[in-house]
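See structure below.
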Amino acid sequence: MTGSRVRALLLAHWQESLLLLLLGPLALYFSLSNSTSESLPLLPLPESQVLQLEQITLQDYQKDFKRWTLTGLRALMAEDSSIMNVEQPRLRLHPSPETLPFTDTLVRANEALIDWRQQLVEIRGEVEVERDGKLYLQAERAIYDLQTEILQMPGAVQMIWQGSDVDGADLRYELKTGLVELRGVHYQR
């Protein structure tokens, strides 16, 4: 196509050409903004947008009774996020007044992610659960539901039960009742 033919074509269809020139950059802007919005959380945030805390203590009360306490070495949370990252967490789960014979349960690990919106605490990295000052459970990951007060440990779990070592998977521990469910139980005496 020669230059004169292109000009003649543009003059004949000037309205469509003008519309393409106006809508083209707008369409390009929206397509680029949608494709890059998925990768935005991976970009490092400026320090002014991150809340950094040292030696933290979080406590949750229901009426007059303390439900749980979380302490940690360091915590990070973006200003516009509902997720807090805690290093070296110690989650102490307190028994309710109805279950007073039960003692506090202590959960230790390398890292915890608290999702305030979903009311979940995900604990990762060499998770250890103690009761009565004795090691009770070991796993790589645990999830504590703050609303239902249920501790779940998906995957492989090692447990000490009545003096015996027990291996299993997918543990579910109801704090209110003390009920423990473990799949694939294998006793090692």
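Would you be able to say whether some residue in the stretch 133-146 is in the same structural domain as ILE83 (by TED's automatic domain parsing), β-branched (Val, Ile, Thr) and at pLDDT below 90?
No - not one qualifying residue is present in the stretch 133-146.
Output yes when any residue across the stretch 63-72 is outside any strand (DSSP E or B) and surrounded by fewer than 15 Cβ atoms within 10 Å (Cβ to Cβ), and no when none is.
Going through the stretch 63-72, the residues outside any strand (DSSP E or B) turn out to be 63-64.
Cutting the leftovers down to surrounded by fewer than 15 Cβ atoms within 10 Å (Cβ to Cβ) gives us 63-64.
Yes: the stretch 63-72 contains one or more residues that are outside any strand (DSSP E or B) and surrounded by fewer than 15 Cβ atoms within 10 Å (Cβ to Cβ).
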>> Among the listed residues ILE160, ILE143, identify the single one that is within 16 Å of the chain's Cα centre (by Cα) and not charged (D, E, K, R).
In response: ILE143
>> If I go through the stretch 72-106 residue by residue, how many of them are modelled with pLDDT of 80 or more and touching a strand residue (DSSP E or B) at 6+ places or on another chain (Cβ under 8 Å)?
In response: 23
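The values are calculated or read from the model by the stated rules, or taken from the named source; none is laboratory data. Keep in mind it's a predicted model, so treat the numbers as computed, not measured. Note that each Cβ is placed from the backbone with ideal geometry, even for glycine, and that neighbours are counted across all protein chains shown.
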